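See below for the structure under consideration.
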Amino acid sequence: MQKALLRQLKRSLGVGSEADLAELLGTMRTAAATADPSLRTALEGFGDFLARVDNSYEQYERDLELRTRSLEISSAELSESNEKLRLSLADRENALRSLRMTVRDLLPDSHPDHHADTFADEDIAELSSRIALMVAESERGRRELATQKFALDQHAIVSITDTSGTILYANDRFCDISGYTREELLGRNHRIINSGKHPAEMFREMWQTISLGQVWRGEVCNRARNGNLYWVNATIVPLLNAAGEPERHIAIRTDITDRKRIEAQLSEQLHLVEELIEAIPLPVYLKDNGGRYIRLNRAFEQFFHIDRKAILGQTVSKLLTREEAPLHLQKDAELLASKGMQTYEASVHSRDGAIHDTVYRKAALTRRDGSVSGLLGVIVDITERKRAEHEVLRAKEAAEAASRAKSDFLANMSHEIRTPMNGVIGMTDLALETALTGEQREYLNIVKSSAESLLTIINDILDFSKIEAGKLLVEEISFDLYRLIAELLKPLALRAHEKGIELLSEVLHDVPRYVQGDPNRIRQILINLIGNAIKFTNEGEIVLRTELLQLQDGHAIVHFAVRDTGIGIPQDKQDLIFDAFSQEDTSTTRKYGGTGLGLSICRRLVELMGGRIWLHSQPGQGSTFHFSIQLQLATQSTPILGSQVTLENRRILVVDDNATNRRILSNMLTLLKAIPQDVDSAQAALSLFKNGNADFDCILLDAQMPQMDGYELARTLHATHDNLPPMLMLSSGALRGDAKRCQEAGIAGFFAKPISLDELHAALGRLFDGSHSAVTQHAKQLVTRHSLREEHRALNILLVEDHPTNQKLALGLLGKWGHEVTLAQNGQEALDIFDASGDFDLILMDMQMPVMGGIEATQLIRKRETERQLPHIPIIAMTAAAMQDDRDACLAAGMDDYLSKPIRVKELQEKLRRIGGSL
Amino acid sequence: MRIKQIINRKPNELGAKLDDLQSSDANLLLVFGSIEHFCSPGLHDALRATFPDALLIGCSTAGEITNDGVDDGSCTITAIKFEKTSLKHGSTHLSGMDDSFSAGERLGKQIVSADLKAILVFGPGVNINGSALVNGITSVVGVDVPITGGLAGDGGAFKKTYTLGPNGIADDQVVAIGLSGEALRFGHGSFGGWEPFGPARKVTRCDGNILHELDGEPALEIYRRYLGEHAKGLPASGLLFPFAMLGEDHSAVGLIRTILGIDESTGSLILAGEINADGYLRLMHASTDKLVNGAESAAESAAAMHQSADGSLAILVSCVGRKLVMGNRVDEEVEAVGEVLGQTSVLTGFYSYGEISPFMPGASCKLHNQTMTITCLSEN
């Protein structure tokens, strides 16, 4: 029972103890049996009731006790917990403070938040985020560093060694380049890559530097595992420990093996270039763009007799004199500005006092960006050259003087020789014109032919001399080629006829007639060749064939061929025949005469006329001499001597035993549009007529034919036939007497062979134009060449000549021809006479005369004519001069023409006739 | 539905009492009795003889509940005639505490059906993990089927309890009835009335429903400390201080855990159900008044849900701990319930070692401790 309950029971019910209670309860139970029914339950149940109450008290007490206990315990626990938390919090706060300090200390000193009071308020979250930031930054920095390290490793060879040189770290590149694996490197001393190429001092110095904690830089040659050497550019940085002492070294290197190799090559090349410059035998120098010498070679030193040290760095003013230097300074400036090249001559003094003529050749040197860095110069010593030039000049002048002397000599010679020759031949001619006995005539003829031969020889010699002196010249004048050929052949035809040889000419119709060239020389060649042909032919024929090879833009190449049926020339002699002094052999000279110069002169002349000469020959059969020359076409100046009468469809019979001649004549007739027919003998012709096939308009007869000659044929025909057509006779030998025979034979015309196309045309024309006497004044006059030309009238001539013999000659000829002659001794007299009465038809002016020569006199006459407006008097020079220049001088002075001495009668006659004809 | 109830105080008077019930053609018999009754042979036979066709279910108690209040040493038999509801019996052997979940599964499979509306389950009060059992059943029947019932008691001895099922009476079987049918009305409520005090203690070591340490201290020591001289009465005296389960954030989960036993060797407490290993526990205490008010609240919840008090059966499963606290005044809570549920409800029930009920309407079913759990059944 609970004490409290007991106490209450005691107080309320007076129950002192549990025993008492038990007693009471017993009593009550007993009483219950007899008690009131309403009390019975109470009495019976009182004990139970008390028990329940006691139980309840007990429970409440228990509950209370438990609760109190609980409260105490949990309070204690809570206090304890609280204390724990407080301590924990304090710890945390300490930790936080410590953390703040740490964070602050981690900040770099420069950071604005680095302050004792910073973070005081920051709680752990803020601190945490700050730390996170710092870590992130650190991480970033670390990453950055890692990247840099990676980059470094890509580029550089990196190794770390300790202080004794043991390799602690080697990056991949180090392993690659050294050829060692990392395992082979780590722990080994760095000297395993020593190449041994460096002196020991270098390494000593390196160690010293890095031991002091400084950075060493240099270029090192290392040896790889396989023995190959490689160069590196190394930087060795000491890594210091906390005490500031080096505890490790990091070496960062880049591979410069290539660069070293290139440097070596460059060095080699540079050395080579230096050697080259030194080796060049010409003075070579280099200047900077301030004009200072930066390089000179040995040759320069030797040339100027200086030591290069004295001049390097200086300008040209130090090298050359005050007079010489400015030119070069100026040239340098120009060159540096123009950036091109320069060449000029200069005269410089070398230190030994010698003066040199030089050529300076310079070039500006530019850098890659185009700016000028300096110039290069080379000096060529031309002193010798200049001297040589002077000598050449002197030699040339001497040669020219010599040449002029030669010309003068030739001119003089020519004059000296020709003058007496003129006298000889001229006088002989005159003498022959007089009455002579047969014997005298024979002797004089011999004299004349001898003189002419001599003249030919002299001319040959003079020509040869001209060739040797290089003075042989050809003219360029207009002339009639056809006429030239026709005229030169006539006298040759006579000679041929005397030997019984036919001389024929075939000019192809396309050959131009009027050309420009040197007619005299052409004539000379042809006469030479045909003359030779006649000389060396005894029987048969000689044919001159002229054809046009080429005609272009007024330039013609005309080809002449002289074919003979002579003795021919052996093969071995053919090559030499055009050489001077060689005749076929000396026996020829003896047999045939001649100087042997003719063909060589012909060759020279042909060459001068732009042609060539050659021959074909067969000993025993004959020779053909060919030559071609260039001629310009010229417009015609003289009237054609032919005829306007057309011969179209005229049927003409040609009778000639010579086949060539027949061919030539037939061609000509065909050209003239006539219809030729030819027979080769008189008999054949007679047969024709007998047969009645003789409807011809004209017959051409050859005089010389075997069995029956032309005359015979003519007479026979006349005898047997009526209504004969007119006949023309062609003869090789044209003598005056033949004309008479022709008349007797009933022949209308007579012509000497070879006949030219014009002559044929004219003759036929006259036959067919109705009146047989159109041309000449006399009726039924024979048509002869002579008659064609025999008109002339008397002229009033002033002869200016100082040489007595020449005077006599000229006067004689001119008088004979019926001209009126006035004589002047020299140019002055001529002038006086001219002034007195200048009414002359012609003046013949000699050149070399005392007092006043021909040139001067002519000039003065011409001057007077102009001043006084007098008519122009033709002046013909008579000159012995051989030179073209002299002839030009004559013409330039105002003369119209010239005759060369010795005067050719025919030539003179010709010219007079021309003058006369034109008046 | 029709209900009839008898209370038998002496086992040997059972037969006579049963005759009173005979007239009802019950299809379900709820039998709650003290150990004395359940241990007496012939109980089952007698019941079976009287009601050959009815389903038998029940268990030993730590106190019996009727409309009159709480009794000890009696045996309450309530006969119910369901007219529109079909019933299905289930029973399984529990081989140990670790078998709790699987036993629940087995049981669930036995009673599961398409229109299952409610389950009554009774299991042993010792060597069992009550929350695992409930989870096992739920895993089969789903969370929408309310499960009510409780763990058998043995008058506070915590040694051996008995359950009554289709196979008779055994100390290691879990029995259940599945009720199906649209006509069934079901209401429940559960309330404790305990209040937590003191510090929240961290569960530092536990194994399912075995609590080894709190705040690093052997859990048993805490009880000893708080119980002082009452520690002698462990494990029963431990009922005076159940634990409130707290989550990691110290907020109340809403469940209370009491011990079923202690392990002196390890200093561990064997709880009726599992606790949250990451959570906290807080000691609770209660006064009688609070507990009675709690019972009242439970009754109000059940009534509100049930919404029909006439002719309904109310199964009250209360906790032995409450009886211990309330002592003689324990009847007051039954009376409070009776007042709420109306005079026409037939009350039956027992004091168990763990109550099974949905936590709140619609929530999953849990094992409760120290609560008054009320299940109201009726038919439309």
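At a glance:
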quantity: Computed magnitude of the charge dipole of the protein assembly as shown (debye, nearest 20; Cβ of K, R +1, Cβ of D, E -1); calculated: 4040 debye
quantity: Estimated vicinal HN-Hα couplings, Hz - the range A:831-837 in sequence order (Karplus 6.51, -1.76, 1.60; Gly, Pro = x); calculated: 4, 4, 4, 4, 4, 5, 9
quantity: Point-to-point label distance, B:GLN307-A:ASN194, nm (Cα→Cβ direction, 7 Å offset); calculated: 10.7 nm
quantity: Karplus (6.51, -1.76, 1.60) ³J(HN,Hα), θ = phi - 60°, over the range B:340-354, in Hz, Gly and Pro reported as x; calculated: 6, 7, x, 6, 8, 7, 8, 9, 9, x, 7, 9, 10, 9, x
quantity: Per-pair calculated FRET efficiency, R0 = 45 Å: A:ILE557 and A:GLU391 via Cβ, rounded to 0.05; calculated: 0.55
quantity: Distant-in-sequence amide H partners of B:ASP172 (H built 1.01 Å from N, under 5 Å); calculated: B:THR163
quantity: Within the range A:508-559, GluC sites (Glu not before Pro) in DSSP loop having at most 16 other beta-carbon neighbours inside 10 Å; calculated: A:GLU539
quantity: Exposure proxy order (Cβ contacts within 10 Å, fewest to most) of A:ARG248, A:ARG173, A:ARG521; calculated: A:ARG248, A:ARG173, A:ARG521
quantity: Interchain or long-range residues, amide H under 5 Å from A:LEU549's placed H; calculated: A:ILE557, A:VAL558, A:HIS559
quantity: Bridge type composition, the protein assembly as shown - antiparallel percent by DSSP, nearest 5; calculated: 75 percent
quantity: Residue mean of other protein chain beta carbons inside 10 Å, B:221-228; calculated: 3
quantity: In sequence order, calculated HN-Hα J values of the range A:249-257 (Karplus, 6.51, -1.76, 1.60; Hz; x Gly/Pro); calculated: 10, 10, 10, 10, 10, 10, 6, 10, 3
quantity: Principal axis dimensions, largest first and in whole angstrom, of the protein assembly as shown by Cα; calculated: 252, 99, 67
quantity: Estimated [θ] at 222 nm from DSSP helical runs (n ≥ 4, -39500 (n - 2.57)) normalised by residues in chain B, nearest 500; calculated: -7000 deg cm²/dmol
quantity: Distance-filtered residues of the range B:44-71 - backbone nitrogen under 15 Å, label point 7 angstrom along B:ALA157 Cα→Cβ; calculated: B:60-63
quantity: Cα convex hull volume per residue for the range A:23-64 (Å³); calculated: 52 Å³
quantity: Cα-based helix-to-principal-axis angle, A:682-691 vs chain A, degrees rounded to 10; calculated: 80 degrees
quantity: Amide N proximity, the range B:36-52 versus B:GLN22 label position 7 Å along Cα-to-Cβ, cut-off under 18 Å; calculated: B:43-52
quantity: Modelled FRET efficiency - R0 45 Å, A:LYS808 with A:LYS863, Cβ distances, 0.05 increments; calculated: 0.90
quantity: Hydrodynamic radius by Kirkwood, which averages 1/r over all alpha carbon pairs of the range B:195-285, in angstrom; calculated: 12.6 Å
quantity: Estimated FRET transfer efficiency when R0 is 30 angstrom, pair A:LEU436-A:LYS490 (beta carbons, to 0.05); calculated: 0.75
quantity: Residues A:HIS509, A:HIS497, A:HIS356 arranged by fewest to most Cβ contacts within 10 Å; calculated: A:HIS509, A:HIS356, A:HIS497
quantity: Cα lying deepest toward the dipole's positive end in the protein assembly as shown, options B:LEU133, B:SER364, A:LEU484, charges on Cβ; calculated: A:LEU484
quantity: Two-site label geometry, A:ARG322 and A:ARG261: point separation in nm, points 7 Å out along Cα→Cβ; calculated: 6.0 nm
quantity: Label point distance in nm, A:TRP614-A:GLU275, each placed 7 Å from Cα along Cα→Cβ; calculated: 6.0 nm
quantity: Cα-centred dipole magnitude for the range B:195-285, charges only on beta-carbon of K, R (+1) and D, E (-1), debye, nearest 20; calculated: 240 debye
quantity: Positive-end residue, the protein assembly as shown charge dipole about Cα centroid, Cβ charges, pick of A:ILE699, A:CYS221, A:SER164; calculated: A:ILE699
quantity: Percent antiparallel among DSSP beta bridges (both partners in the range B:1-158, rounded to 5); calculated: 60 percent
quantity: Between helix B:288-306 and chain B: long-axis angle, C-alpha atoms, 0 to 90°, nearest 10; calculated: 50 degrees
quantity: 5 angstrom amide H check on A:LEU647, placed H, neighbours 5+ away; calculated: none
quantity: Inter-chain Cβ neighbour average for residues B:234-244, partner chain, 10 Å; calculated: 1
quantity: Over chain A: helical MRE at 222 nm, DSSP H runs n ≥ 4 each giving -39500 (n - 2.57), nearest 500; calculated: -17000 deg cm²/dmol
quantity: Extended-chain gain in nm, criterion 0.36 nm per residue less alpha-carbon gap, A:TRP207 and A:LEU508; calculated: 97.0 nm
quantity: C-alpha long axis of helix A:804-816 to longest principal axis of chain A, angle in °; calculated: 70 degrees
quantity: Full-extension gain in nm, A:THR102 to A:LEU145, via 0.36 nm per residue minus C-alpha separation; calculated: 13.1 nm
quantity: Selection from A:ASN796, A:GLN524, B:ALA219, by position along the positive dipole direction of the protein assembly as shown (Cβ); calculated: A:ASN796
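Every read-out reported here was derived from the displayed coordinates using simple, explicitly stated rules and does not represent laboratory data. What you see is a predicted model, and the numbers here were worked out from it, not measured in a lab. All Cβ positions, glycine included, derive from the backbone under ideal geometry; neighbour counts span all protein chains shown.
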